[in-house]
Amino acid sequence: MDRIDKARELRSFQTFAEGILWQLLRGRKLAGLKFRRQVPIDRYIADFACLEVRLIVELDGPVHEDRYEHDEQRTDVLRSLGWHVVRFDNEEVIAEPGRVLDGILAELGRPAP
């Protein structure tokens, strides 16, 4: 399965937290920025990406608890390609979605609405 097929599959089976964040980002709801989900970038698939400002938003669920080094390496590679990367725990998205949106805006140096 190539990365594009894998990205399509991931969009079909998003996590609960991804669904929440997607509803908050889609349709340029956050500062007029267009986000896409499950975007192939280099050898990775980013959870969410805004191409115009080169921002990647990654959500970390339980599977990431034992993958800290892998996630850090992934973040380093993406940053070396000129992307800003911000990470949030699934639980944070579920419990405090407004705080997550503020964190995304802060990464861009934009004030919260």
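The values are calculated or read from the model by the stated rules, or taken from the named source; none is laboratory data. These numbers were taken from a predicted model, which means no experiment stands behind them. All Cβ positions, glycine included, derive from the backbone under ideal geometry; neighbour counts span all protein chains shown.
Per-structure values
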{"item": "Some residue of the range 70-80 being more than 15 Å from the chain's Cα centre (by Cα), modelled with pLDDT of 95 or more and under 19 Å from Thr15 (Cβ atoms)", "result": "no"}
{"item": "Near pairs, Cβ below 7 angstrom, 6+ apart or cross-chain, from the range 62-77 (within 16 Å of Asp89 (Cα to Cα) and of a type in the set (S, T, N, Q)) to any residue that is modelled with pLDDT of 90 or more and not in a helix (DSSP H, G or I)", "result": "Thr75/Val85"}
{"item": "The one condition in (1) crowded, with 16+ Cβ neighbours inside 10 Å; (2) of a type in the set (D, E, K, R); (3) at pLDDT below 95 that Arg67 fails to fulfil", "result": "(1)"}
{"item": "Total residues in the range 37-64, condition in a helix (DSSP H, G or I) and at pLDDT 90 or above", "result": "3"}
{"item": "The lone exception for Met1 - which of (1) surrounded by 15 or more Cβ atoms within 10 Å (Cβ to Cβ); (2) touching a helix residue (DSSP H, G or I) at 6+ places or on another chain (Cβ under 8 Å); (3) modelled with pLDDT under 90 it fails", "result": "(1)"}
